[in-house]
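Q: Starting off with a structure, shown below.
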Amino acid sequence: MDLAFFSVQLLNGLQYGLLLFLIASGLTLIFGIMGIINLAHGAMYMIGAYLVYDLTFRLGSFWLAILAAIPVAIALGLIIERLFLDTLYKRDHLYQVLLTFGLILVLNEAQRIIWGGDVHSVPVPELFSGRIQLTDNLQYSHYRLFVMGVCLALAGVIYWVIRHTRLGIIIRAGAVNRDMVEGLGINVRTLFTLIFSVGVALTAFAGMIAAPLTSIAPGMGDSILITCFVVVVIGGIGSIKGAFWGAILIGMAETFGSVLIPSLASMVIYLIMAAVLLVKPRGLFA
Amino acid sequence: MLHTYPKRVVVIMLVLTAIVAIFPLWGPAVFGAQSDFMMEKMTLMLILALFAMSLDLLVGIVGLVSLGHALFFGLGAYTLALASPAFSPAAIWWMAPLVMLVAALAALVVGFLVIRTRGIFFIMTTLAFGQMLYYFVSTSRHTGGTDGVFIMFRPSVEVGGAVLLDLDNPLTFFYVCLAMVVVGYLFLRWLTRSFFGQVLDGIHDNEHRMEALGYATGHYKLVAFVISGVMASLAGMLAAMQYGFANPSQLGWHTSGEVLMMLILGGMGTVFGPILGAFAYEILQHTFEHLTTHWPILMGITIILAVLILPRGIAGLIIDPPSRASLAKSSPLRWLKPGRAAPASEAVKPAAPAPREG
Amino acid sequence: MKTTVKKTALASLIGAGLAIGGVVNASDDPVKLGLMLPYTGTYAALGEAITNGLELAIARHGDQLGGRSVEYVKLDSEANPSRAPQNMSRLVRGDNVDFVIGPVHSGVAMGMLRVAQQTGAITIIPNAGLGAATNELCMPNVFRTSFSMWQDSYPMGKVAYDRGHRRVVTITWDYAGGKEDIAGFEQAFTEEGGEILQQILVPFPSTEFQSYLAQIGSLRPDAVYTFFAGGGGVSFVRDYAASGLKDSIQLLGSGFLTDGNLAAIGEAGEGVLTTLHYAETLDTPQNRAFVEAYQAAYGDMPDTYAVQGYDTGMMLVQAMEAVGGDTSDQDRLITALSNIQLDSPRGPLAFSDSHHPIQNVYLREIRNGRHEVVGIAHENLEVPDEACNM
């Protein structure tokens, strides 16, 4: 592995990791604050991608499509939280697993009814359609760099909100001890609705900005779901910092694993997760 | 965990068992030419019932929610597939113990690692191990890969050359599966009432208290994990025997999710509930699939409603039937309003035995 | 009281599920076609295209098979192999269908074949390309109207060599179908004297290809041969173009890489060469008529899957004609099916002794968003079936 090749793979691992972080950040927020395991998280990613596909062709602009799709995602989160999750907070994880398992079935099938079973794609927006030359025969799309920038910026924003705002203090406190937050007279109902909607919107947004980089197909959320869980568990549930480093670790492991140990490529993330939990049963940053 | 059920539970289960057992007598009259297929379907439900029951030991009784139980189900199927000779039936005398041994070893290793984690981490680690085996089987060249593998012969039950049970006969196989479910049920009932079961129950209620009382709770959980895994592997072995086919998707997390669903639909922690749940789940899916190709929506809605309205499953209805007064109080809307959900403790596990109805 | 109600409800529930479809099988009853295809999930588009093609063929012949009306029993295969045997059994034993048509997915095919073997039900595979179905596991009652992975990829080996490529990287998903496909190409290419630099297996069903593209870039092959399908095919072709590799390294593939997905692939697909047993642009009267009829009926361009469904329908039409609509003599029906020769939209189609299509495989190049036929890569290609004895 020469230096150029190594650097390219480093870039690939970083970009994949950053996108993973964006998808997983919503999951870890919802986990940490609300104690809810949301198996339908991958479906939210899928819906984000489909929304932006649909709206790009309706509105004629990728950017307008994203602007229009975000409120839809927030509304979806709101509806799901109010209708279904409300009764589940105090119940065993088992019920959350099952309810959101049911939601996957409903959302996947709704996707098929609305958008059909065909594979779609969204063109890379004009603004970032250029490429930079990495090696003599390998180029890198400007849009991928843009996505990295967006993910980093959002990571920064989330970090800032959690570290330096009142909301962040509540969130941090909630991740440690939910009852205490309630005891402090904070309206947990509103907080939960807010967190869940933001979590769903973050994930759907990840689907939106990833849309031009991937193919939009039925079931696209299912494969990303488990990877996100691995990221969140490795990092430590509820920890944004953990999700960030977990995502980078998994991004790098998948990228380099596929080159260095191809025979274990499909298992490598699970091996890492098992190893981490053996050493630190509550994740790296819990 | 209930140690004594209202008498009607015993009566209902006995009646249902009898109805299933004499299916060959009434099946043809009710289903006509489809009777053979219905018996085959019922055989499958029995196998799933055994699978769901095995998970109940872990989820309902010890309180460990596993999202990787299909690992053992698939392991049973694949052990049978890989250990079967290519051109002759294997003897069940050594096939069943082999399956159990392999599953027990796997459960020991996996259990040793996952028992250390709790709650959500337990869910995730079991999921991870399930996925690891799933990918291993999918990509290994010895297992037939993603296409799966045929088992050309069913194991036979022979003594001194005489065939005692011909498992190729669907009727025989049906009764073998029924017997396995009955034995499995009696075993779990015995286990939960034993001293060992009492400790598990104590761990479910409050693990720290049990630790403080001097119980090595980890050991108890590990033993339960192994027993549960072994039972699941037997179900997997039967499933592979039924059609002579094993496939990696039997190991995937969707299978684990489905069996959890059967458990909750039937009512966990009751041992008999999962049996009802397996039947109910399969009948629902069977019906929905015939109604529309959009059946996953119906299935999804049913799952959601079951979680919201029937957290204690069908077994909950039998143990503690809703009285007329409580039915009047609980309009479906109540479940959609915030802040009035069922009390947590009641929902998570069946509380004290229900007052007997007069 | 309560239990009685419950039991009655239970019985009616089972009844409702099974009530559809009669029990008797007299010859004035409709012919029952059991369709075991994916109608949900990742492969739903394929299931729908096959169903469309099948129904179109039968509709064009008066909605009848051998003078009998037709009843379709559609069962979602879920593309879930572990449910395959019971679903197949449900069609054969529960719904008593005369023919089973399915599946799309090779793993599901394995499960179905097991029950086909046990029940002797006549099964026509309209897609699944696992080689074993018409080789090691061949059966008198199993036919295939589609392809095998080997059949579509083998011809590309010679094409690649003839075009001057000597060192090739192959890349596919680490699953049975992909590996069978790559093996066909590698066999032909190395027979010609070419060298496989590396075989890359991507975990299934990942569509994150960046690190593999970097790997290909550093290996500097003359060409890349690939098999991906559905969303994976779209992602790979687009990522390949976006990485700039397309400018210096020719992309070759199985036709499934791009079939049915040209719109989603867009410009990135221009110049990609694939081999397949069909192209929607084939300039024959049969294909023009088919494309026109399909567009009139469904408003879409047909793809390979639709043709496979259509030929399945045509096969049934002709075979049922030959036996005069009598499904009671199975041997006669099987003989009729084996002797079918079709003037298919894809070209002439006959069946080998192992019941696999003998057909042309075309070399296609994507130009202006269409699969233009460059030529016939292999005429009347028969697949190896030495392991088949029936």
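Q: Which one is nearest to B:Val65 (Cα to Cα) among residues in segment B:182-210 that are hydroxyl-bearing (Ser, Thr, Tyr) and touching a residue at least 60 places away in the same chain (Cβ under 8 Å)?
A: Step by step, filter segment B:182-210, then rank; the result is B:Thr192.
Q: Determine which member of the set A:Ile186, A:Ile169, A:Ile162 is under 26 Å from A:Gly242 (Cβ atoms) and part of a loop (DSSP other than H, G, I, E, B).
A: Only one candidate qualifies: A:Ile186.
Q: State which residue is nearest to B:Val226 (Cα to Cα) when the search covers only segment B:111-132 and only residues that are out of contact with any Phe, Trp or Tyr (no Cβ under 9 Å at 6 or more places or on another chain), more than 7 Å from chain A (Cβ to nearest Cβ) and of a type outside the set (Phe, Trp, Tyr).
A: B:Thr126
Q: Count, please, the residues in segment B:101-125 that happen to be farther than 18 Å from B:His204 by Cβ and in contact (Cβ under 8 Å) with a residue 12 or more places away in the chain.
A: Final tally of qualifying residues: 11.
Q: Let me spell it out: the conditions are (1) away from chain C (no Cβ under 14 Å); (2) over 30 Å from B:Val114 (Cα atoms), and B:Ala49 meets all of them except one. Which number is the exception?
A: All conditions pass for B:Ala49, except number (2).
Q: If C:Asp181 meets every condition in (1) surrounded by fewer than 23 Cβ atoms within 10 Å (Cβ to Cβ); (2) in a helix (DSSP H, G or I); (3) not small (Gly, Ala, Ser) apart from one, which number is that one?
A: (1)
Q: So if I check each of B:Leu238, B:Leu284, which one is out of contact with any Gly (no Cβ under 6 Å at 6 or more places or on another chain), under 20 Å from C:Met36 (Cα atoms) and either in a loop (DSSP other than H, G, I, E, B) or more than 10 Å from chain A (Cβ to nearest Cβ) (or both)?
A: B:Leu284 is the lone residue from the list that is out of contact with any Gly (no Cβ under 6 Å at 6 or more places or on another chain), under 20 Å from C:Met36 (Cα atoms) and either in a loop (DSSP other than H, G, I, E, B) or more than 10 Å from chain A (Cβ to nearest Cβ) (or both).
Each row is one residue, and each column tells you yes or no for (1) within 14 Å of chain B (Cβ to nearest Cβ); (2) polar (S, T, N, Q).
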| site | (1), (2) |
| --- | --- |
| A:Leu98 | yes, no |
| A:Leu103 | yes, no |
| A:Gly116 | yes, no |
| A:Ser121 | no, yes |
| A:Pro125 | no, no |
| A:Gln133 | no, yes |
| A:Leu152 | no, no |
| A:Ile170 | no, no |
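Q: Also: What are the pairs, 6+ residues apart or on separate chains, where a residue within segment B:166-177 that is among the acidic types (Asp, Glu) has its Cβ under 7 Å from a residue that is surrounded by fewer than 18 Cβ atoms within 10 Å (Cβ to Cβ)?
A: Once the first residue is among the acidic types (Asp, Glu) and sits in segment B:166-177, its partners that are surrounded by fewer than 18 Cβ atoms within 10 Å (Cβ to Cβ) give B:Asp166/B:Thr172.
Q: Report yes if A:Ser7 is at pLDDT below 95, surrounded by fewer than 17 Cβ atoms within 10 Å (Cβ to Cβ) and of a type in the set (Ser, Thr, Tyr), otherwise no.
A: yes
Q: Of all the residues that make up segment A:29-45, how many are within 11 Å of another protein chain (Cβ to nearest Cβ) and assigned to a helix (DSSP H, G or I)?
A: Residues in segment A:29-45 being within 11 Å of another protein chain (Cβ to nearest Cβ) and assigned to a helix (DSSP H, G or I): 3 in total.
Q: To continue, here is another question. Looking only at segment A:58-93, count how many residues are surrounded by fewer than 23 Cβ atoms within 10 Å (Cβ to Cβ), part of a helix (DSSP H, G or I) and facing chain B (nearest Cβ under 8 Å).
A: Residues flagged as surrounded by fewer than 23 Cβ atoms within 10 Å (Cβ to Cβ), part of a helix (DSSP H, G or I) and facing chain B (nearest Cβ under 8 Å) within segment A:58-93 amount to 4.
Q: Taking A:Ser223 as the residue in question, decide whether it is at the interface with another protein chain (Cβ under 8 Å from one of its Cβ atoms) and either at negative phi or buried (at least 24 other Cβ atoms within 10 Å of the Cβ) (or both).
A: It is true that A:Ser223 is at the interface with another protein chain (Cβ under 8 Å from one of its Cβ atoms) and either at negative phi or buried (at least 24 other Cβ atoms within 10 Å of the Cβ) (or both).
Q: Then there is this: Tell me, yes or no, whether segment A:131-144 has at least one residue that is within 18 Å of A:Phe21 (Cα to Cα) and modelled with pLDDT of 90 or more.
A: Yes - at least one qualifying residue is present in segment A:131-144.
Q: Closer than 13 Å to C:Ser352 by Cα and touching a helix residue (DSSP H, G or I) at 6+ places or on another chain (Cβ under 9 Å): is that true of C:Pro140 in this structure?
A: yes
Q: Then there's this: For segment A:5-17, enumerate the residues that are in contact with a Gly (Cβ under 7 Å, 6 or more places away or on another chain) and either of a type outside the set (Gly, Ala, Ser) or more than 12 Å from every other protein chain (Cβ to nearest Cβ) (or both).
A: Scanning segment A:5-17 gives A:Leu14, A:Tyr16.
Q: Now for a separate question. Sort out which residues of segment A:259-286 are farther than 18 Å from B:Tyr134 by Cα and either within 8 Å of another protein chain (Cβ to nearest Cβ) or under 21 Å from the mean Cα position of the chain (by Cα) (or both), and write them in order of number.
A: A:Val259, A:Val276, A:Leu277, A:Leu278, A:Pro281, A:Arg282, A:Gly283, A:Leu284, A:Phe285, A:Ala286 - these are the residues of segment A:259-286 that are farther than 18 Å from B:Tyr134 by Cα and either within 8 Å of another protein chain (Cβ to nearest Cβ) or under 21 Å from the mean Cα position of the chain (by Cα) (or both).
Q: Just the residues that are in contact with a helix residue (DSSP H, G or I) (Cβ under 6 Å, 6 or more places away or on another chain) and without any contact (Cβ under 8 Å) to a residue 60 or more places away in the chain, please, taken from segment A:94-108.
A: Within segment A:94-108, A:Tyr95, A:Leu98, A:Leu99, A:Gly102, A:Leu105, A:Val106 qualify.
Q: Shifting gears a bit: Is at least one residue of segment B:59-68 touching a Leu at 6+ places or on another chain (Cβ under 7 Å), touching a residue at least 60 places away in the same chain (Cβ under 8 Å), more than 11 Å from every other protein chain (Cβ to nearest Cβ) and closer than 25 Å to B:Thr217 by Cβ?
A: yes
Residues are listed down the side, and each one gets a yes or a no for (1) surrounded by fewer than 24 Cβ atoms within 10 Å (Cβ to Cβ); (2) more than 9 Å from chain B (Cβ to nearest Cβ):
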residue: C:Gln86; (1), (2): yes, no
residue: C:Arg90; (1), (2): no, no
residue: C:Ser106; (1), (2): no, no
residue: C:Thr119; (1), (2): yes, yes
residue: C:Asn127; (1), (2): no, yes
residue: C:Val142; (1), (2): no, yes
residue: C:Gln151; (1), (2): no, yes
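The values are calculated or read from the model by the stated rules, or taken from the named source; none is laboratory data. Bear in mind the structure is a predicted one, so any value in this text is a computation, not a measurement. FYI the Cβ positions are ideal-geometry reconstructions off the backbone, even for glycines, and counts take in every protein chain you see.
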